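The values are calculated or read from the model by the stated rules, or taken from the named source; none is laboratory data. Keep in mind that what you see is a predicted model, and the values were worked out from it rather than measured. A quick note on method: Cβ atoms are made from the backbone with ideal geometry, for glycine too, and the neighbour counts reach across all protein chains shown. These area figures cover heavy atoms from the full protein model, side chains too; ligands, DNA and RNA do not enter into them. Shrake-Rupley method; radii C 1.70, N 1.55, O 1.52, S 1.80 Å.
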Amino acid sequence: MKTICLYFEIHQIIHLKRYRFFDIGTDHYYYDDYENERSVTDVVERSYMPALNALEQMIQKGKGYFKVAFSLSGVGIEQMEMHAPQVLEKLQALNKTGCVEFLAEPYSHGLSSLIDADCFALDVKKQCDKIKEYFGKKPTVLRNSSLIYSDDIGLQASKMGFKGMLTEGAKHVLGWKSPHYVYNCALAPNLKLLLRDIKRSDDISLRFNNSEWEGYPMFADQYINEIDALPEGSQIVNIFMELSALGIAQPLSSNILDFLQALPEFAKLKGITFSTPSEICANFKSVGALEVPDTLSWVDEERDVSCWLGNPMQREAFEKLYSVSERVRIANDPRINQDWDYLQASNNFRFMTTKPSNVGLDRGIYSSAFDAFTNYMNILGDFITRINDRYPLEIDNEQLNSLLTAIKNQGEEIAMKDKEIARLQAKIEKMDAAGKKVTTARGTSARKTPAKKKTAKVTKPSTPTAKPKGKTAADVSQAEEKNKK
């Protein structure tokens with residue numbers, strides 16, 4: 001039985017503003033806020049929301065049959081937090097269906113995996129934390145920027161704890177092998193590899209609305225019949241693309257969403273299922289190792305990294321940026337970290353390419369590759385100057401790390417002491433309050449109890465001496481005087 005793994009990438013370019021040489025040292029803000037807001041709003045209205053609504057309807061109609069996977073770059077999430085929170089809310093709603101998986105990828109959508117393993121690990125971890133914050137679960141499958149992969153990158157992904165990784169089913173790597181099976185990393189057998197089916201992915205994302213294409217027009221039943229006709233024993237069909245392909249690369253007027261929504265119905269008739277990447281990693285065994293000594297990606301005919309690092313300008317900018325990666329990591333300053341994420345984004349280097357491409361490249365504000373290089377290097381010059389001003393070059397990285405670690409430890413110790421002082425003060429205040437309460441209670445009790453009344457002694461009146469009968473007063477007086485004598 002065959003299964004389809006449908007995956008969409010969501011990433012948003014951070015547009016840099018025009019930054020001249022004389023701005024270095026005076027202007028530390030590098031971004032075109034107007035263009036960033038405009039571009040996000042445009043892609044959300046024309047692509048993201050219509051596509052996500054269609055996928056939601058497919059999930060509801062399928063009742064557990066239809067499944068889909070996404071990955072979101074961290075910088076893309078930040079842009080949507082500011083300009084299009086409805087996209088994140090929709091993704092959270094999809095997550096609650098249980099039919100959606102979110103994958104890991106570098107937060108910056110950068111190329112750190114090609115030069116700095118520590119930076120790459122931190123970049124992926126940061127994005128995983130963001131995904132868990134929004135969707136409640138850490139990813140178990142990794143998707144590198146533009147599906148960049150090599151044996152070394154696969155080994156690192158395995159050490160980071162990932163069960164699987166997505167990459168390109170490039171012909172020069174596969175040779176006679178088919179992308180319709182699960183493979184494993186040559187250096188890490190526990191890491192399973194899911195290979196993109198280039199033809200069937202590009203039929204949707206690149207050629208669907210091309211009237212000159214020999215397969216035009218393409219219908220959902222025809223598409224599923226091709227998958228069903230794959231050689232006996234074929235296990236998986238990995239259809240990977242950017243979400244913006246639905247609405248931007250292929251306009252909504254082409255009925256691309258109607259085509260997409262019809263796929264599950266025809267697939268079900270053929271006994272073809274849908275699975276998420278983690279389900280495939282759990283349910284399918286690897287048929288063997290796939291050796292990828294040289295780096296590959298899903299970009300251009302060469303399927304390599306030449307579109308980012310193919311000329312001297314790109315390599316100079318790339319090497320200069322990552323020359324300060326360790327100091328950025330050690331310093332861990334919030335504002336510098338944000339600029340670091342945005343400057344790492346792969347599109348900054350793609351704008352500097354001089355090679356022809358079968359996919360149109362929009363350079364934005366730049367008139368040429370050299371213009372993009374000059375603008376980026378001006379910004380990078382100011383960024384590096386800020387780092388060096390804050391942490392002078394006279395202090396090497398080891399000394400800087402020791403110094404900042406000591407400061408951090410002192411700060412933590414002071415924080416612990418402050419907490420202890422606050423705890424003791426609260427205890428003293430509690431004891432004082434309890435003492436006052438007892439005193440008040442005693443005073444109240446004394447006022448309520450009445451004083452005991454003293455009982456006055458009753459003096460009995462003296463009884464007068466009775467007069468002897470038959471005697472007069474004179475006789476008594478004479479008798480008393482006689483007694484005195």
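Miscellaneous remarks
- Heavy-atom surface analysis with a 1.4 Å probe gives the chain a carbon and sulfur content of 53 percent of its accessible area.
- Judged by the mean number of other Cβ atoms found within 10 Å, the most tightly packed of the peptides 279-286, 162-169, 197-204 leads the ranking 162-169, 197-204, 279-286.
- Within straight-line cross-link reach of Lys171, aspartates and glutamates at Cα separation under 16 Å, skipping those fewer than 8 residues along the same chain: Asp197, Asp202, Glu291, Asp294, Asp300, Glu301, Glu302, Asp304
- Pairs from the table (Lys163/Lys270; Lys138/Lys320; Lys61/Lys285; Lys90/Lys126; Lys126/Lys192; Lys125/Lys199) lying more than 25 angstrom apart at Cα are Lys163/Lys270; Lys138/Lys320; Lys61/Lys285; Lys125/Lys199.
- Between the listed residues Leu114, Phe240, Val75, the Cα displaced farthest toward the positive end of the dipole of segment 3-305, a dipole computed from Cβ unit charges relative to the Cα centre, is found at Phe240.
- From helices alone, the chain scores -15500 deg cm²/dmol at 222 nm; the rule is -39500 (n - 2.57) for each run of n ≥ 4 DSSP H residues, then divide by the residue total.
- Ordering of 113-120, 71-78 by packing [mean C-beta count within 10 Å, highest first]: 71-78, 113-120
- Net charge of the neighbourhood of Leu230, taken over other residues with C-beta under 10 Å away and scored Lys/Arg +1, Asp/Glu -1, is -2.
- Summing Cβ point charges (Lys, Arg +1; Asp, Glu -1) relative to the Cα centre of the chain gives a dipole of roughly 6740 debye.
- Accessible surface, 1.4 Å probe, highest first, among residues Glu326, Glu214: Glu214, Glu326
- Kirkwood Rh and Cα Rg combined as Rg/Rh, segment 312-390: 1.01
- Neighbour net charge for Pro217 - beta-carbon separation under 14 angstrom, K R +1, D E -1: -4
- The residues of the chain present an accessible area of 54 Å² per residue when probed at 1.4 Å with all protein chains retained.
- Reported label for calculated Cα extents along the principal axes in Å given [x] 65, 53, 47; [y] 84, 62, 46; [z] 169, 66, 44: [z]
- Packing-based order for 124-131, 99-106, using average beta carbon neighbours within 10 Å, highest first: 99-106, 124-131
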